[in-house]
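Everything on this sheet refers to the single structure shown next.
Every read-out reported here was derived from the displayed coordinates using simple, explicitly stated rules and does not represent laboratory data. Model, not experiment: these values are computed from the prediction. In this analysis, Cβ positions are derived from the backbone assuming ideal geometry, glycine residues included, and neighbour counts consider all displayed protein chains.
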């Protein structure tokens, strides 16, 4: 039936008629107070949406795979699937345990290798340089090519995409991975995924950087140019917006501050001689996905649209305008109390991420807030994604929310508010200068305080925690983290005893003085025995 004649035999009520009927049903209560909802982003949600609400939006005529990519970066035509990578974090503290976890999980449905480094490795520190509590903290302790070989034993990186957040200065980790590939006879040109450097994320987490920004950006530029020439499917620049949400921020803040960080990185790369195609084409974004289903769908759609417009303003091609997105279900929404409910929270968040169009996804384990994930909790989290793909068939639909009057209106409204905040950051000189003034911190603190107040007053309900708690609940047993400090220092000493400094000192000297070949010299130094420090 033609949509223009659908239901023409029925009278079409006006909005005013509908509102009059709604107000009668409220029996004197305020329509605005009862039926309008104001979000943390400052957006007022209406109880009903109509075609008039989206009549002027130009992106409604855009097909999936077309700029500005609000409907996704993949075309549904020609057999193009909308699949995403199952990219679960693997946080074993040593290389051997990581390898065992990776082999087991990749055989059971995971499709992308997600290597999380400990704090020491991310900072580029050898075990005898790092604080004891930073070794094995939150990830794998690595300092040598041999460690990388142990972690990746039996894994073919020519076929398996990878995701490695490499810290504020990615060159040491980058060099170790490339050295392992060379030693094992694999082709670096086949690398897919991201070994991504993100100095702003390190600054947000630690309040300071272990290197100057100039050094960090110089390394980023060298790795990015190398990847453009030798590994065209590998991303080297990572923008992690997760910290804004996980600190209590809202979708507008996460979007605006992530976009501003991306612009800072583009500017830094252009100043160091890279083109917009090289810089934007090697960039990946990461977001946290919260529990507000439609807001999170709209956030991802708005992110792709705004980033495409930014890159286009630099003269970037349609291909360079495509935003590559990794997401994780939020840690902020996971509870210590009634933790099995976290499975349901992670499921709705994963649904939002997939419908919003992510390229890769980590679903948090239900016990994430309590302890390192167990075999059981990892399996449940991984299978959540697999069910959404293979049983709910979400990979077979391009932009499932597209065309919804509500979702399209919300996407546009969110994009406008994020753009306003982004422009405020740009007026302060960009993200790094804005951070120095405390402006982003103030925005996040205000949002976090409002959320905390609403939770305390039960305006925001958290099942099992501030609503319907179980007084007789027994807490999940804790798992003590292994003490690795002495063990890793002993391994480092043994490594140094086998590898005389003279074997790699010449390469390190070239690395220090030959700025044009940083990546090559770093790889050869690593092969000769140089450590991450």
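What the table below lists for this structure:
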item: Under 13 Å from the residue 104 label point (7 Å along Cα→beta-carbon), backbone N, the range 346-382; result: 373-380
item: Spin-label proximity, residue 503 to the range 115-155 - amide N less than 19 Å from point 7 Å beyond Cα toward beta carbon; result: 126-128, 142-151
item: Estimated FRET transfer efficiency when R0 is 60 angstrom, pair residue 479-residue 317 (beta carbons, to 0.05); result: 0.80
item: Whole-angstrom gap from the range 236-260 to the range 265-290, using each part's C-alpha centre; result: 15 Å
item: Mean-position separation - Cα centroids, the range 94-152 and the range 333-403, in angstrom; result: 23 Å
item: Cα→Cβ-extended label distance, 7 Å offset, between residue 63 and residue 392, nm; result: 2.8 nm
item: Stretchable slack from residue 214 to residue 416, in nm (0.36 nm times residue separation minus alpha-carbon distance); result: 69.4 nm
item: Helical contribution to [θ] at 222 nm, DSSP H n ≥ 4, -39,500 (n - 2.57), averaged over the chain, rounded to 500; result: -14500 deg cm²/dmol
item: Value of relative contact order over the range 1-70, rounded to a whole percent, pairs C-alpha under 8 Å and six or more apart; result: 12 percent
item: Rg [Å, one decimal], Dmax [Å, integer] - the chain, C-alpha atoms; result: 24.5, 88
item: Added length on full extension, which subtracts the Cα-Cα distance from 0.36 nm per residue, residue 293 to residue 453; result: 55.4 nm
item: Protection-proxy order for peptides 444-455, 422-433, 11-22, each taking the mean of Cβ atoms within 10 Å per residue, highest first; result: 422-433, 444-455, 11-22
item: Between 0 and 90°, nearest 10: helix 375-390 axis offset from the chain longest Cα axis; result: 50 degrees
item: Cα long-axis angle, helix 171-184 against the chain (0 to 90 degrees, to the nearest 10); result: 70 degrees
item: Relative packing of peptides 238-246, 331-339, 88-96 - highest average C-beta neighbours within 10 Å first; result: 238-246, 88-96, 331-339
item: Ordering of 172-185, 492-505, 282-295 by burial proxy (mean other Cβ atoms within 10 Å per residue, highest first); result: 282-295, 172-185, 492-505
item: For the chain: relative contact order, % (alpha-carbon pairs under 8 angstrom, 6 or more apart); result: 18 percent
item: Rounded tilt (10° steps) of 439-456 against the dominant C-alpha axis of the chain; result: 60 degrees
